[in-house]
Amino acid sequence: MGLRVLTQMQVTLLLIIALTRTGTEAAGQALSGCPDSCGSVSIPYPFGVGVSKVTGKDCYMEKHLNLTCKESILYAGNVQILNISLLGQLEMNFFVSSICKSNISKGNGEANSPTITTASFTISSTDNKFVSVGCDTYGYLNNYINNVKYSTGCLTRCNDENQVNIQSMQTSKGECSGIGCCQVDIPPGMTNISIQAFSFKNFSYSSNLNSCSSSFVVKNGNYTFSLDDLKKLPFDKAPMVVDWRVGNEACNASKDKSNYACSNNSDCEDPPSANGNGYRCKCKAGFEGNPYQGCTDYCRETPGSFECFCPDGLIGDGTIKGGGCRQKPRPDLFAKIVIGAGAGLIALFIGVSWLYLMYQKRKLLKLKEKFFQQNGGIILRQQLSTRQDSSQSTTIFSAEQLKRATNDFDENLIIGKGGFGTVFKGVLSNNNVVAIKKSKIVDQSQVEQFINEVIILSQINHRNVVKLLGCCLETEVPLLVYEFVNLGTLFDYVHNQDQKANVCWKTRLRIATEAAAALAYLHSAASIPIIHRDVKTANILLDDTYTAKVSDFGASRLVPLDQTEIATIVQGTFGYLDPEYMQSSQLTEKSDVYSFGVVLVELLTGEKPFSFDRAEENRSITVHFLCSLKEDRLFEILQIGILNEENKQEIMEVAVLAARCLRLRGEERPSMKEVAMELEGIRLMEKHPWINNTGQNFEESQYLLGEAQSTREHGDSSSQQNTGYDSLRQLELIDFGKGR
C-alpha cells in the first residue's frame, strides 16, 4: 500500500470540512457482539448491556455504565434511560419525591427520597430545574461531597382554598412562579444527590388544594404547572439530564494509566462540573466516530493513494486536486419556479387539510351536542342544579375522558357483558379505577325515566350497593360510571371450580344477609322505591373483603309512591324470573324476593338455576330444591363442604326462608325487609349460640317437614290441610319442558 502524504493545504481543507459539519455527535457504536440499542434508545460504548456474545467480555467500560434492557426499555439500576449522547449527556426518567394526606392518615409521615449514588453522574445545572409543588410544601435537593451534605431547595405556601386567588398570583397559566409551585436553578457539580419533599404541619390548611407535596428535578421545558397538580401530580417520574464521564481523575492524571479511555484520534477533556473527578473523550478536529473506540477522518485509502469525501450539504471529492468541498450551486430560475410551485401546492394542501379537520371537528361537536340532548343531558343538568343535597355529587363526564380511561374502549378491558350493556374497566385522570357501563340504545320515549334513574341511583348511599359516580351522554348510547369492585361476582365465587375454598358457610350467610339488606333498602328506604328486576348471583359483586355489592340496575324500575305494582314487558334472567310476573307482567317488589330466593338456593346447593347437564326432572334447581325439602332430603343436595354439625339448624332455617321466598303467589312471600331481618337473626344466632332461637322459622321448618313426611306416608296430599306450604304443591304444576 502506498504512503499517504498530506500537504498543509490539505490538512487545512480537512479542518474546514470538519468545522462545516453541523452534527458534532457521531452515531453510537457498541462493542462487537453487544446490543447497540434497546427499543428506540441507542447504546454507544462505553455504555453497554451484559457480556459480548463474541468475546465474552463486558460490553461496558465501568460498572456504573452497565445497563439492562427489559421489554425494550433501557434501565440504569431501576431508572429508565431515555437517551445517551456521546457528547457527555444522558437523559433519564427520574423519580418524584411526594407525600400525600392519605399517606399521613395511614401512618406514613415521610416522603420517598429518590437518590443517585454514582459520583460519575452530575445533574446538569444548565438543562434542569428543581421544582416543588403544593400549597404547604418545601423540598430539598441534597448533594454529598466527601460525606459532607450541601443542599438547595425552595418552599411555597398558600393558605387559601380559593383557586381564583391562587390563579391570580400566577403571572401566566402554566408558569411556576412561586405560589403553589416554586422552582430554583441547580448549582453546578451536584453528585451523589437525593430529593425529598416535606409538608408544613401535616397538611393542616386547605382540604381541597393541599392534598400532596411533591419535589423533583425536571428537564427545562418539560413541566407545565396546573392547579390540579396541587391535589396530586399526574406523574411519578420526570425527565432529567445528567452529565456523565469516565474514570475518577482528571485528564493529566489518567493519560498514562492502562485504563485510559480515549482511543485513536481523540482528545481528553475535563468537564467543568467534574471537579477533577473523571473526564470525557472527543474526536479530534477532522475526525468523527466514537472516541472511546477510535475516530476516523473523512478520507480513506485506495491502492497507492487515497480519496476524501465531503460532509452533507457540500459537493466535491474533498481533495485539493479535485477542487475540495464547496457549497451546492444555487438553483436556476426554472428550479425556483418548480420549488415555488411545489411550496404553493404544499401550502394549499395544508390549508385544505386544516379546513377539513376543522369541519370534521365542528361536525363531531354538533353530533356530541345532538346525543347529549337526545339522551336527556339538558334535563339532567337542570335537575342537578336544583338538587339541595350537594353531598352526593353526580359527575357528567365527557366522551374524551372515558375514551382515555378505557384506551378507546379496548376489548381487553372488558370485565363483563350482560343483556343491558358491556362493562369496561377504566382509570380516570385522577387515577381512580372505575367500571364504565356502555348501555344499549335507550328508547327515546323513556329518556326522562332514564334520567330519573340516574338521579335516584346517584343518591343511593348504601355500603352494599355499587355507587353510581356519574354518566356520559355525548355518545349514541349513554355511558354510566360506577365504582370498581375488584373481586368479581358471587356467581364466580360459587361456581368457579378452582376456588374450592369458597364453600365457607359463614361467608355465604354474611353475603346473603348483606345483599338482602341492600335490596330491602332499595325497596323501602330509598326516596323512591326501586325494584331491581334482575336479582341474580352475577349481579352481586364482591370486594376484596368479600363484602356484597348489588349492581347492574339496567333493568331496574322506579315505583311511584302511590303504586304497589307496575305493568312492564317481562325482563330478567331465565331461572331467576318470578313465575307470577311472567304470567301477569305485573312487576312488584315480591318479584325481587322470588329471585333472591333462587340466589339462596344457589348458595345452598352450589348449582346453577337451570342446567341441561342435569337429569330432566332436576334441570330446574328450584323445583329440585323444593321437592327435596318437602321429602326431608335437604342435606343430600347441599354443596359438598358446607354442612357440619354446628350449622345444621342455620342451614335448615335459611332453606325454609328460601322456600318462603319461592312461593308462587307473591302475596305469600315475605318482604325483602323481613328476609333481611330473618337472615340477620340467623347470623345473630350463629354469633351467640346461647340465644334460644326456637321461633317461628324453626317451628315452620318442623311443620313443613312434618307435612312432607305425612305426604310420603299417606300418599295423596290433597286431603291434608297443608296451608302452610300450599305453594310447594302449586309449583309442581309448572311445566318447564325442555327449558324453552
Legend entry - Pick from the stretch 604-636, criterion small (Gly, Ala, Ser) and in contact (Cβ under 8 Å) with a residue 24 or more places away in the chain, ranking: farthest from residue 510 (Cα to Cα): 620
Legend entry - the stretch 578-598, residues that are at pLDDT below 90 and among the hydroxyl-bearing types (Ser, Thr, Tyr): 581, 584, 585, 588
Legend entry - Yes/no for residue 522 being under 26 Å from residue 436 (Cα atoms), at pLDDT below 85 and crowded, with 16+ Cβ neighbours inside 10 Å: no
Legend entry - Cross-chain or 6+ apart pairs with Cβ under 7 Å, the stretch 637-665 first and farther than 22 Å from residue 515 by Cα, then in a loop (DSSP other than H, G, I, E, B): 641/503
Legend entry - Test for residue 597: is it under 30 Å from residue 641 (Cβ atoms) and either part of a loop (DSSP other than H, G, I, E, B) or not assigned by TED's automatic domain parsing to the domain that holds residue 537 (or both): no
Inset, instruction - Specify the residue that is surrounded by the most Cβ atoms within 10 Å (Cβ to Cβ); the eligible residues are those in the stretch 600-651 that are of a type in the set (Lys, Arg) and part of a helix (DSSP H, G or I). - result: 630
Legend entry - Breaking point among (1) at pLDDT 95 or above; (2) in contact with a strand residue (DSSP E or B) (Cβ under 9 Å, 6 or more places away or on another chain), for residue 575: (1)
Legend entry - strands (runs of 3 or more DSSP E) fully within the stretch 44-159 counting 2 or more residues that are out of contact with any Lys or Arg (no Cβ under 7 Å at 6 or more places or on another chain) and among the small types (Gly, Ala, Ser): 97-100, 148-157
Inset, instruction - Run residue 216 past the list (1) touching a residue at least 60 places away in the same chain (Cβ under 8 Å); (2) aromatic (Phe, Trp, Tyr); (3) not in a strand (DSSP E or B) and report the number of the one that doesn't hold. - result: (3)
Inset, instruction - Please tell me if residue 241 is at pLDDT 90 or above, out of contact with any Lys or Arg (no Cβ under 6 Å at 6 or more places or on another chain) and aliphatic (A, V, I, L, M). - result: no
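The values are calculated or read from the model by the stated rules, or taken from the named source; none is laboratory data. Remember, predicted model here, so these are calculated numbers, not experimental data. Neighbour counts run over all protein chains shown; Cβ positions are idealised from the backbone, glycine included.
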